[in-house]
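K.L.:
If you scroll down you'll find the structure; I have some questions about it.
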Amino acid sequence: MIIAERRPIPKVLKAIEPYEKILVLGCRGCVAVCSAGGDREVETMAAALRLARKLSGRPLETGEATFIRQCDPEYLAPLKEMVRDYEAVVSMACGVGVNLIADLFPEIRVYPGVDTTFYGANPALGEWQEKCRGCGDCILDVTGGLCPIARCAKNLLNGPCGGSQGGRCEIRREVPCVWHQIYERLSARGELDRLMNFFPAKDWRPAGHGGPRERIREDLKMG
Amino acid sequence: MANITIGVLCCHYTNQAGEEDFRGIPGTVILKRYPCSGHIEVADILKTFEEGAEAVLVAGCEKDKCHNLSGSLRAEKKALGARKILEEIGLEPERVRFAFLPRLDTGPFMEEVKKTFETALNMKSKS
Ligand code: SF4
Ligand code: SF4
């Protein structure tokens, strides 16, 4: 899922500085699951903003709502009416939600309430780890299911760098060297031959370096 | 001296203190009782400040005696979360106090309430 975390309150306060009445809008998708932008976090953000503004002598009124998803026009539709009572929206969805609101409703002033960080897994309560970067041309078939693009600090494709020590990455001791892991995994399976093919320089266009990515499925389109 | 307000957020089990007990506190006490301290949210703590509290005490049962096993541990973390936000918006984090307390014993509870009042007093005199 997409992982996000609450934006520092002063940054949000700065964005909404001119307004007196705002809507804090949560999302029940990924950001609710990773406890960054669901109902509870909406309540916290709204209370924090109100308290800060009360202290500064310019009270703020807040409305609170949470949509099923903010990355889908169907679920965003009620916003058009809802927003009439407010001067701006602080969206607690990932950046996708904020962008879609900005695309669909150019008249709405929308500001991010979270920082969107990565695609991650939730291996334990309160812990999230990056596992994939959406590079558009997956190589997990060769690397034993472990992604060196997301999990190696240098995105190396042909084995570890010289800093790999005792299975640990040179950037931080607590980070495992994913190339060490890939080697161990394939070696244990007797599949080291999978690594014999040299990866040429990666084409990063499918990863987004060729401009914003889009996927069209004609078979699913209406009309 | 200006009236001083404090907030006390706790579970039903932590205290049974009544108006009688609070009479000794020379200020206003906003008391919010929850079925379990694990239900206390960061937003509840912040709202208590919004309502005018200078300091807030969050109290839960002693670690191994929580009626719902880990409710008070969660409450302690929520108190930390609220402190972090206070810091971000320029308020002293010490304004949020947390205490693990024996169940149904008003004595230690009132001790913590008094300490919270002292914190509030200090904060008020600084501001
Ligand atoms: S290779 Fe690309 S698509 Fe596959 S897991 Fe890694 S980043 Fe994601
Ligand atoms: S030590 Fe391993 S994970 Fe770290 S940068 Fe080098 S190859 Fe990548």
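K.L.:
Give the span of region A:2-118's Cα atoms along each principal axis, as three whole-Å numbers ordered largest to smallest.
P.N.:
38, 28, 18
K.L.:
More than 39 angstrom separation, counting every C-alpha pair in the protein assembly as shown; what % is that?
P.N.:
Values: 20893 of 61075 pairs.
The answer is 34 percent, as a whole percent.
K.L.:
For region A:2-118, what is the percent of antiparallel DSSP beta bridges, rounded to the nearest 5?
P.N.:
Restricted to region A:2-118, the bridges split so that about 20 percent are antiparallel.
K.L.:
While we're on this one: Can you list residues from other chains, or at least 5 along the same chain, whose modelled amide H is less than 5 Å from the amide H of A:Tyr119?
P.N.:
A:Ile3, A:Lys131, A:Cys132
K.L.:
Go ahead and run the numbers for FRET between A:Arg215 and A:Arg58, Cβ-Cβ distance against an R0 of 51 Å, rounding to 0.05.
P.N.:
Working: r = 45 Å, r/R0 = 0.88.
Taking R0 as 51 Å, the efficiency between A:Arg215 and A:Arg58 is 0.70.
K.L.:
Further, regarding this structure: At most 13 other Cβ atoms within 10 Å and a DSSP loop assignment: could you name the chymotrypsin sites (Phe, Trp or Tyr not before Pro) in region A:160-221 that fit? Kindly include the intermediate steps, with their values, before the conclusion.
P.N.:
Numbers: sites: A:Trp179, A:Tyr183, A:Phe198, A:Trp204; in loops: A:Phe198, A:Trp204.
When the chymotrypsin sites (Phe, Trp or Tyr not before Pro) of region A:160-221 are filtered for loop state and at most 13 Cβ neighbours within 10 Å, A:Phe198 remain.
K.L.:
P(r) for region A:29-180: what percent of alpha-carbon pairs falls in each 10 Å bin, starting at zero?
P.N.:
Pair shares across the bins are 10, 29, 25, 19, 13, 4.
K.L.:
So which of B:Lys77/B:Lys124; A:Lys11/A:Lys221; A:Lys11/B:Lys65 end up more than 30 Å apart, counting from Cα to Cα? It would help to have the intermediate numbers written out before the result.
P.N.:
On the way: B:Lys77/B:Lys124 26 Å; A:Lys11/A:Lys221 39 Å; A:Lys11/B:Lys65 41 Å.
The answer is A:Lys11/A:Lys221; A:Lys11/B:Lys65.
K.L.:
Would you tell me the mean number of C-beta atoms belonging to other protein chains that fall within 10 Å of each C-beta in B:86-98, as a whole number? Walk me through the numbers before you get to the answer.
P.N.:
Details: counts 4, 1, 9, 12, 5, 3, 0, 0, 0, 0, 0, 0, 0.
If you average over the peptide's residues, the count of other-chain Cβ atoms is 3.
K.L.:
Please compute, for the alpha-carbon atoms of region B:5-126, the extent along each of the three principal axes and give them in descending order in Å.
P.N.:
37, 31, 18
K.L.:
Run the helix sum for chain A: -39,500 (n - 2.57) per DSSP H stretch of 4+ residues, divided by residue count, reported at 222 nm to the nearest 500 deg cm²/dmol.
P.N.:
-7000 deg cm²/dmol
K.L.:
Among A:207-216, A:11-20, how do they line up from the highest to the lowest mean number of other beta-carbon atoms within 10 Å? Could you put the intermediate results ahead of the total?
P.N.:
Details: A:207-216: 9.3, A:11-20: 15.2.
Packing proxy ranking, top to bottom: A:11-20, A:207-216.
K.L.:
Could you tell me whether region A:133-207 comes out rounded, prolate or oblate from its Cα gyration tensor? Rule is a ≥ b ≥ c as square roots of the eigenvalues, rounded for a/c under 1.5, then prolate if a/b exceeds b/c, otherwise oblate.
P.N.:
Values: a/c = 1.83, a/b = 1.15, b/c = 1.59.
It comes out oblate by the Cα gyration axes.
Every number in this text was worked out from the coordinates using simple rules, so none of it is lab data. This one's a predicted model, so the numbers in the text were calculated from it and none came from an experiment. Here the Cβ is made from the backbone with ideal geometry for all residues, glycine too, and neighbour counts use every protein chain on show.
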